[in-house]
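**Q** Below you'll find the structure I mean.
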Amino acid sequence: MVRSLAALQRPRSLPEINASRDIKMSDVPLSRHLLGAGLTVEAINDVASWKRRTYAQGIPFRLTSAQPRVLERGWVFAGMTLPSGRRQEVHLFLPGDFIDLSDSMSKTFDLNPASSAIVADVPENASGRPEFQAFTAQGRVTKDALMFAHALRLGGFDAIGRIAHFLLETECRLRASASEHSPVLGWPLRQTHIADYLSLGSVHVCRTLLKLKSAGLADVSRGLRIYDRKGLADIFSATRREALATAS
């Protein structure tokens with residue numbers, strides 16, 4: 001049975017979190033990310049010598065060249081500052097992601113670190129290898145697919161559906177590149193980040209996250225932990241069906 005908003009008010013006991021086993025993606029070496037993406041040891045044997053730039057949390061920046069780059073550490077949004085002063089984020093890069101903004105996108109969107117970020121420049125001797133070209137091509141396809149899914153999320157889900165979908169999507173992305181399995185994943189995002197990404201108010205985000213936690217579905221207060229994946233999926237599936245029914 002699909003959970004209703006009223007059902008989210010009912011408290012449920014939550015399992016204890018073992019903080020000592022938290023996965024912090026910033027602690028996973030870049031080489032492990034790249035090897036996990038299918039690159040060979042030969043392609044990244046000099047990864048330690050790649051040029052790196054560090055960007056401070058909350059200070060947007062722009063890429064100044066088309067050189068291939070990989071996010072080594074931190075979570076970085078792509079978006080823009082609106083005339084009102086509020087941010088509208090359109091994509092989230094996670095550690096290990098190939099950072100790519102097309103020429104048209106780079107003129108419109110900047111990059112906004114949600115946490116301190118380290119970006120590695122990929123040298124020509126690595127970027128020219130066939131396996132790395134395949135990695136960058138897959139990175140572009142993945143980014144475009146995620147941005148398309150994000151547009152559908154904003155247009156098809158209500159607030160709780162957007163947050164439920166975002167939590168599940170992010171957990172899936174993190175686990176795809178994590179070095180070990182753990183019930184808890186690192187989560188540097190603030191409620192304002194979620195609000196800016198999902199086009200919601202911060203107060204609404206706060207209340208919705210509390211509902212999800214009290215219902216035993218998910219918690220982001222001490223890292224990202226999903227307790228009930230099916231329960232979260234039921235939420236955004238229901239909101240999608242309601243949106244389609246209303247449209248028809």
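The values are calculated or read from the model by the stated rules, or taken from the named source; none is laboratory data. Keep in mind that what you see is a predicted model, and the values were worked out from it rather than measured. Note that we place each Cβ from the backbone using ideal geometry, even for glycine, and neighbour counts take in every protein chain shown.
**Q** For segment 207-228, how many residues are exposed (fewer than 15 other Cβ atoms within 10 Å of the Cβ) and within 19 Å of the chain's Cα centre (by Cα)?
**A** 2
**Q** In addition: Among Gly216, Gly231, Gly161, which is the only one that is modelled with pLDDT of 90 or more and part of a loop (DSSP other than H, G, I, E, B)?
**A** Gly216
**Q** Could you list, ordered by first residue, the pairs with Cβ atoms under 8 Å in which the first is in segment 188-204 and free of Cβ contacts under 8 Å to residues at least 40 places away in the same chain and the second is part of a loop (DSSP other than H, G, I, E, B) and not hydroxyl-bearing (Ser, Thr, Tyr), at least 6 apart or interchain?
**A** Close Cβ pairs satisfying both conditions: Ile194/Leu200; Ala195/Gly201.
**Q** Identify, please: which residue in segment 116-137 is in contact with a strand residue (DSSP E or B) (Cβ under 8 Å, 6 or more places away or on another chain) and either among the polar types (S, T, N, Q) or within 13 Å of Phe77 (Cβ to Cβ) (or both) and is, among those, modelled with the lowest pLDDT?
**A** Thr136
**Q** Another one. From the list Asp144, Asp110, Asp121, Asp97, which one is surrounded by 14 or more Cβ atoms within 10 Å (Cβ to Cβ), over 18 Å from Gln57 (Cβ atoms) and not aliphatic (A, V, I, L, M)?
**A** Unique residue meeting the criteria: Asp121.
**Q** Show the residue pairs meeting these rules: Cβ distance below 7 Å; 6+ apart or different chains; first residue within segment 119-135 and closer than 20 Å to Thr54 by Cβ; second residue among the aliphatic types (A, V, I, L, M) and surrounded by 15 or more Cβ atoms within 10 Å (Cβ to Cβ).
**A** Hits for this filter: Val119/Leu71; Val119/Ile99; Ala120/Leu30; Ala120/Val70; Val122/Val70.
**Q** Before we move on, is Glu131 surrounded by 15 or more Cβ atoms within 10 Å (Cβ to Cβ), charged (D, E, K, R) and either at positive phi or not in a strand (DSSP E or B) (or both)?
**A** Yes: the conditions hold for Glu131.
**Q** Something else about it: State which residue is nearest to Leu174 (Cα to Cα) when the search covers only segment 75-127 and only residues that are among the charged types (D, E, K, R) and part of a strand (DSSP E or B).
**A** Filtering first and then ranking leaves Glu89.
**Q** State whether one or more residues within segment 151-172 are without any contact (Cβ under 8 Å) to a residue 40 or more places away in the chain, closer than 21 Å to Arg32 by Cβ, within 12 Å of the chain's Cα centre (by Cα) and surrounded by 20 or more Cβ atoms within 10 Å (Cβ to Cβ).
**A** Taking every residue of segment 151-172 in turn, none turns out to be without any contact (Cβ under 8 Å) to a residue 40 or more places away in the chain, closer than 21 Å to Arg32 by Cβ, within 12 Å of the chain's Cα centre (by Cα) and surrounded by 20 or more Cβ atoms within 10 Å (Cβ to Cβ).
**Q** Okay, moving on. Every residue in segment 174-195 that is at pLDDT 90 or above and either assigned to a helix (DSSP H, G or I) or closer than 19 Å to Ala233 by Cα (or both), please.
**A** Gln191, Thr192, His193, Ile194, Ala195 - these are the residues of segment 174-195 that are at pLDDT 90 or above and either assigned to a helix (DSSP H, G or I) or closer than 19 Å to Ala233 by Cα (or both).
Let's see how each residue does on (1) surrounded by 12 or more Cβ atoms within 10 Å (Cβ to Cβ); (2) at pLDDT 90 or above; (3) more than 30 Å from Arg153 (Cα to Cα):
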{"position": "Leu5", "(1), (2), (3)": "yes, no, no"}
{"position": "Tyr55", "(1), (2), (3)": "yes, yes, no"}
{"position": "Thr64", "(1), (2), (3)": "no, no, yes"}
{"position": "Gln88", "(1), (2), (3)": "yes, yes, no"}
{"position": "Asp103", "(1), (2), (3)": "no, no, no"}
